[in-house]
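Rule-based calculations on the coordinates, nothing more; no lab input. All figures in this text were calculated on a predicted structure; none of them were measured in a lab. A quick note on method: Cβ atoms are made from the backbone with ideal geometry, for glycine too, and the neighbour counts reach across all protein chains shown.
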Amino acid sequence: QVQLVESGGGLVQAGGSLRLSCVASGISFRSNAMSWYRQTPGKQRELVALITNNDRTRYGDFVKGRFTISRDNAKNTVYLQMNSRQPEDTAVYYCNASRPVTNYWGQGTQVTVSS
C-alpha cells in the first residue's frame, strides 16, 4: 500500500521559517519525482516545488528563492524548507510522488502564516 505522510505544518508568523517533511512507503522512492503542491479554498492546486529522481529542481514562480526542496533517498523522505513566509503562503500543502505511469498524493498538512 502506498503512503505519503506529510508533517511539519502549523502556525508560523510572517517572516518565519518552517520545514515540511513527507515520508513515503510502498513505492520505489528513488525512482519517483517528488513534489510539493499547495491549495487554498476555491483555487486550483498549484506546484510549489519539484525534485526529480536525479535531483533537478523546479519551483513555482511565486517561490522567488524563499523555499528549498530536497530529498533523502535513504530515508524515503522529501523536504520543503520554507523561509520568509508570507500570509499568502497559507494553504494546505500536499506531497506528490510521480512516475510516468503512477501518481500518488498525501493527505496534506495545513500551513497558516499569521501577519
Quick calc: nm separation of the 7 Å Cα→Cβ label points for residue 19 and residue 86 -> 2.5
Note: probe point = Cα of residue 73 + 7 Å toward Cβ; backbone nitrogen < 19 Å; residues of region 1-35 passing the test are 22-35
Site residue 104, offset 7 angstrom along Cα→Cβ, radius 13 Å on amide nitrogen, limited to region 25-63, gives 25-35
Between residue 40 and residue 2, Cβ-based FRET efficiency (R0 30 Å, step 0.05) works out to 0.70
Sparse-neighbourhood loop hits (trypsin sites (Lys or Arg not before Pro), region 1-63; DSSP loop; Cβ within 10 Å at most 10 others) -> 43, 56
